[in-house]
1. From the residues V144, P169, L233, which one has its Cα farthest along the dipole of segment 142-258 in the positive direction, the dipole being from +1 and -1 charges on Cβ of Lys/Arg and Asp/Glu about the Cα centre?
2. Do any GluC sites (Glu not before Pro) in segment 155-258 lie in a DSSP loop with no more than 12 other beta carbon atoms within 10 Å, and if so, which?
3. Using just the Cα positions, wrap segment 89-241 in a convex hull and report its mean projected area in square nanometres, one decimal place.
4. Cα-based Rg (one decimal) and Dmax (whole number) for segment 174-258, in Å?
5. Considering the zone a paramagnetic label at L163 would reach in this model (a point 7 Å from Cα along the Cα-to-Cβ line), which residues of segment 115-150 have amide N under 12 Å from it?
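Where a number appears in this text, it was derived from the coordinates with a stated rule and is not lab data. Everything numeric here is computed off the predicted structure, so don't read it as measured data. Ideal geometry is used to build each Cβ from the backbone, glycine not excepted, and the neighbour counts take in all protein chains shown.
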Amino acid sequence: MSSKVSKADDNLRKLLSEKRLKSVEDRRVGSEVFDKITLETLYKLAKMGYINILNGAISTGKEANVFKGIDDDGNFVAVKIYRVTTSDFKKMQHYIQGDPRFNVKSSNKRQLISTWVNKELRNLTRAYEVGVKVPKPLIAKNNVLVMEFIGDEEGNPALPMRLSEVSDPVKVSEKIIEYVKILYNDAKLVHGDLSGFNILIKDDEPVIIDISQGMVVDHPLSRELLNRDIDNLAKDFKKLGLKITKEEIKSRIMDSKS
């Protein structure tokens, strides 16, 4: 391979995408994502059996890229890699401060990202254990999170709701509201960045993703974030042709008896 990444370590060649990084921008992104510590982390995860092959990116963002991988048993996995060079550390500190589960005093960027990845793992675990449909978390190490791949048996990833043709909007909206309600009342979490871009549609069923910024409900900012999630959902439901008000959504989420 001509990729800069592929030259970093011969032992990692099986982990690298077949896509060649040809443009200046691609090479820059490759070096940002696959720095030395990230490559070492991927190698350790490979030796543990979590990653045998790392293919192309499912999604790319300013702070993290999600790649499609295959584990030692031949199962597809999603591998989320946070970038140390471009992550928004002020935002991370903002969402971590006040969370009783974490006590981060260091301003070290790598330690902060490691805490952030662990936060996403723990949020996914809490959601998964109470029945919210999220990717099953597998392991977090340094700036890498490995989780269940959401897609078909051929390895085609599920699309975000904003980019999907939803055949049964009523069913999907009901499921989403129910999941947010369970997340709030049983997992005691608020997503904080929920929208049609962070909800995948697989077999006409919603799957909630990107829960790294999720707050515990007793956090001072949790109610503000819940209201923001509800505002976003109301807008997305409207785009699906549904007439569900913000007040109706909030009432159903907050009513833990129904």
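1. Toward the positive end, the furthest listed residue is L233.
2. On the way: sites: E165, E174, E178, E224, E247, E248; in loops: E165.
Those satisfying the criteria are E165.
3. On the way: hull surface 36.5 nm².
Result: a mean projected hull area of 9.1 nm².
4. In order Rg, Dmax, the Cα atoms of segment 174-258 give 12.0, 37 Å.
5. none
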